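So the structure is just underneath, and the comments pick up after that.
The values are calculated or read from the model by the stated rules, or taken from the named source; none is laboratory data. Model, not experiment: these values are computed from the prediction. FYI the Cβ positions are ideal-geometry reconstructions off the backbone, even for glycines, and counts take in every protein chain you see.
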Amino acid sequence: MFKFIGNRIVFALLALWLLATVTFFLMQAMPGDPFLKPKALPESVEKNIRAKWGLDKPVVVQYLVYLGNAVTGDFGYSYYYKGSRTVAEVIGAGFPASADLGIRSLTIAVILGLLLGIVAALNAGKAADAFAMFLAILGVSVPAFVLAYLVQYFIAYKLTAAVKPVLGFRLFPITGWKAYDFRTTFGFKVLPVIALSFGSMATISRLMRSSMLDVISSDYIKTAKAKGLSRNAVIAKHMIRNSVLPIVTVLGPMAAAIMTGTFVIESIFGVPGMGRLYITSVQNQDYTVIMGTTLFYGAFLIFMNLLVDIAYGLIDPRIRLAD
Amino acid sequence: MSKMKNGNGNGNGKTAKTPKGLSPIAAPLDYDKLVLDAGDFEVVGTDIEKSMAMVRPSISYWKDAWRRLKKNRVAIVCLAFIALMAIGSVVLPMVSPFSFREQHWDEVEVPAFTVCEQADAAGVGHMHIFGTDKLGRDQWTRVWSGGQVSLFIGFMAAVTNFVIGLPYGSLSGFVGGRLDNVMMRAVEVINGIPYLIVVTLLMVVLPGGIPTIILAMAIVGWTGLARLVRGQVVSIKEQEYVIAARTMGASRSRLIFRHIMPNTLSVVIVSTTMAIPGAIFTEAFLSFIGIGVPDPYASWGSLCQNAQSSIFINPALLLIPAAFISLTMLSLNLFGDALRNVLDPRMRR
């Protein structure tokens, strides 16, 4: 077991190092130079500035310094935001909103996805199954930003305008994040969460359905039924427990999907989170922030995958043996 | 259950063969008294010609797969839809009276079915079927030429995955041992890096354009297929028929091309089909955040992005390309599902 976990950790660190290296050299290869300004600096001044920021050192030394700084979470200053905000500050400001949105969406996607998958499998071939699977294939096929615009247009715009005279307040605001009133705070979060969780929910429900169908036809279910267990006990203790295992493996990629989903969802709904920050830094070519957020996201996802791998190894001993 | 009940029965006179000397209707056979000699049997013999003859035409795996695919109505509808989209994307921009980059300044964001009245435009007198966008460009032409770009990128990304992933996975799986170990560890490390982040990063650094998008996706996209192929090859390599072929002295290339490759094909085809919607999605995402297809070229993603500023005024501008992406992805996903069912031998009954 320790060997298995050690193995996983080594690979996670390797992936992280590779990502950091790729990021560094890509940024090095980028055309342009901070000193390419219309007004040329005196040579001595430029030399001093280069020396101050360590830009006079060979690339290898710069690389090592960068790695050292990255380990301590120091990614330098943003090119774009005035007032010398550090990248760490910028990320710190965006993270809470994204985490809030992400955790809500992941929770809802998992719970609803499992439920939908279970209902579909138990009613395989019937109307409930067809409906659930139609919803699922729709969720896999409609890009998150399309869904976001659909709910924004039809629910936040049309429906909210229609019910406003009745309720007296705007049910679902079109964009924005925080407000002082509880009702509106809640309203701000509903639509982004719907748009963000739908795709993941669909993936989970499809997976759960097929995994459940595999389990239903296995012999131990027959045994459980034959020995007179109630239907509910068979479903809860034998079917769901055994079919939920594969779901654990997709939680890593799922976290990735939800996280990259936040890029567009946050931009569309005006949520001041990391995703929107990433997009604006890409659009503004704010390289230090791009590097910082890329590494932050990468580290986060690699860590998630590591957790999922270890969790799966703990739950299912066959994985450990195979490795 | 029912078999056991009949088993201890004493033939009720309707047994196929009635021994000599006993009347066919003779009630219960007394097996103790039954005496059989060689004369009761005759040699039928074997007609080699007859027993070797094909009763029905032989059906190859692919013929069978196609036959079963044809039975799946949803799959056929999806296939037809995809074909229609592909043909439409190639043909319609060519026959359209407008160009995808031509601007009509007097007709900005006009509703659907407005007749073009701009005198200096080549297509004067023709209809803007989907209206025009905020720069006065004909939306019908742009949606279809956007389809060209989106479908091309999706298809090419899938092909590049295939071109890199298939040889990589086969080599790793077939050779095995240390090479396999090293190659798969490399895949694992690459796999550990989030895909969209790397693609975005590459798009930021590399000069924009369609080839760059395909390249960026190809650099990190092939690992999934490589893993899949390797797994298949490793399991097929140990199958009895491959061992038999090897024992009979089949050469390495014969083993690979004749026995192993064809059996991985079904998995590869399904995975490649499924890669197309994924790539279209990635392209839409990149264009949506503004680092995908550069203006004035259109793709379904960039059309949505361009339309977002006027969503509350002119929702059709966004809804039409959105519907095109969604329906195409839906068809590709459904078709991929059907293909998996058809090509997977375990699904046969």
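General remarks:
- Pick from the range B:290-304, criterion within 11 Å of another protein chain (Cβ to nearest Cβ) and at pLDDT 85 or above, ranking: surrounded by the fewest Cβ atoms within 10 Å (Cβ to Cβ): B:CYS304
- Residues of the range A:151-165 satisfying the condition of being free of Cβ contacts under 8 Å to residues at least 24 places away in the same chain and crowded, with 18+ Cβ neighbours inside 10 Å: A:THR160
- Boolean, B:VAL293 is assigned to a helix (DSSP H, G or I) and touching a residue at least 12 places away in the same chain (Cβ under 8 Å): no
- In the range B:119-222, counting only helices (runs of 4 or more DSSP H) that sit wholly within it, the ones holding 1 or more residues that are among the hydroxyl-bearing types (Ser, Thr, Tyr), closer than 19 Å to B:ALA322 by Cα and within 14 Å of chain A (Cβ to nearest Cβ) span B:139-175.
- So B:LEU84, is it more than 19 Å from the chain's Cα centre (by Cα) and closer than 20 Å to B:LEU303 by Cβ: no
- Note on the range A:185-221: residues that are hydrophobic (A, V, I, L, M, F, W, C) and under 14 Å from the mean Cα position of the chain (by Cα) total 5.
- Evaluation of B:ALA275 against the conditions (1) more than 8 Å from chain A (Cβ to nearest Cβ); (2) in contact with a Ser or Thr (Cβ under 9 Å, 6 or more places away or on another chain); (3) farther than 21 Å from B:TRP140 by Cα; (4) aliphatic (A, V, I, L, M) shows that the sole unmet condition is (2).
- Within the range B:55-74, the only residue that satisfies the criterion of being over 17 Å from the mean Cα position of the chain (by Cα) and charged (D, E, K, R) is B:ARG56.
- Residue pairs meeting the criteria (Cβ under 8 Å; at least 6 apart or on separate chains; first more than 10 Å from chain A (Cβ to nearest Cβ), in the range B:325-342; second surrounded by fewer than 21 Cβ atoms within 10 Å (Cβ to Cβ) and at pLDDT 90 or above): B:PHE335/B:LEU79; B:PHE335/B:ILE82
- You will find that of B:ILE256, B:ILE214, the residue that is in contact (Cβ under 8 Å) with a residue 24 or more places away in the chain and in contact with a Phe, Trp or Tyr (Cβ under 8 Å, 6 or more places away or on another chain) is B:ILE256 and no other.
- Entry remark, the range B:309-340: residues being in contact with a helix residue (DSSP H, G or I) (Cβ under 8 Å, 6 or more places away or on another chain), surrounded by fewer than 17 Cβ atoms within 10 Å (Cβ to Cβ) and assigned to a helix (DSSP H, G or I) number 2 in total.
- Selected residue (only one of A:PHE263, A:PHE296 is within 12 Å of chain B (Cβ to nearest Cβ), touching a residue at least 40 places away in the same chain (Cβ under 8 Å), in a helix (DSSP H, G or I) and of a type in the set (Phe, Trp, Tyr)): A:PHE296
- Taking (1) free of Cβ contacts under 8 Å to residues at least 60 places away in the same chain; (2) crowded, with 17+ Cβ neighbours inside 10 Å in turn, B:GLN239 satisfies each apart from (2).
- Filter pass, B:LEU228 being within 26 Å of the chain's Cα centre (by Cα), within 29 Å of B:PRO167 (Cα to Cα), aliphatic (A, V, I, L, M) and within 12 Å of chain A (Cβ to nearest Cβ): no
- Residue satisfying condition, being in contact (Cβ under 8 Å) with a residue 60 or more places away in the chain and surrounded by 18 or more Cβ atoms within 10 Å (Cβ to Cβ), within set A:LEU101, A:LEU147, A:LEU138, A:LEU171: A:LEU101
- Here A:ILE111 does not qualify as touching a residue at least 12 places away in the same chain (Cβ under 8 Å) and either within 14 Å of chain B (Cβ to nearest Cβ) or assigned to a helix (DSSP H, G or I) (or both).
- Flag if A:THR223 is assigned to a helix (DSSP H, G or I) and more than 18 Å from A:ALA109 (Cα to Cα): yes
- Applying the condition of being among the aromatic types (Phe, Trp, Tyr) and over 20 Å from B:ILE190 (Cβ atoms) to the range A:277-307 and asking which residue is modelled with the highest pLDDT yields A:TYR278.
- Residues (under 27 Å from B:ALA322 (Cα atoms) and charged (D, E, K, R)) located in the range A:130-169: A:LYS158
- Test: residue in the range A:270-281 that is within 14 Å of another protein chain (Cβ to nearest Cβ), surrounded by fewer than 18 Cβ atoms within 10 Å (Cβ to Cβ) and on the phi > 0 side of the Ramachandran plot: yes
- Scanning the range A:59-91 for residues that are outside any helix (DSSP H, G or I) and either of a type in the set (Phe, Trp, Tyr) or touching a residue at least 12 places away in the same chain (Cβ under 8 Å) (or both) gives A:GLY73, A:ASP74, A:PHE75, A:GLY76, A:TYR77, A:SER78, A:TYR79, A:TYR80, A:TYR81, A:THR86.
- For A:ARG170, the requirement of being of a type in the set (Lys, Arg), at pLDDT 85 or above and closer than 27 Å to A:PRO272 by Cβ is not met.
- Filtering A:ALA156, A:ALA130 for residues that are modelled with pLDDT of 85 or more and within 13 Å of chain B (Cβ to nearest Cβ) leaves a single hit, A:ALA130.
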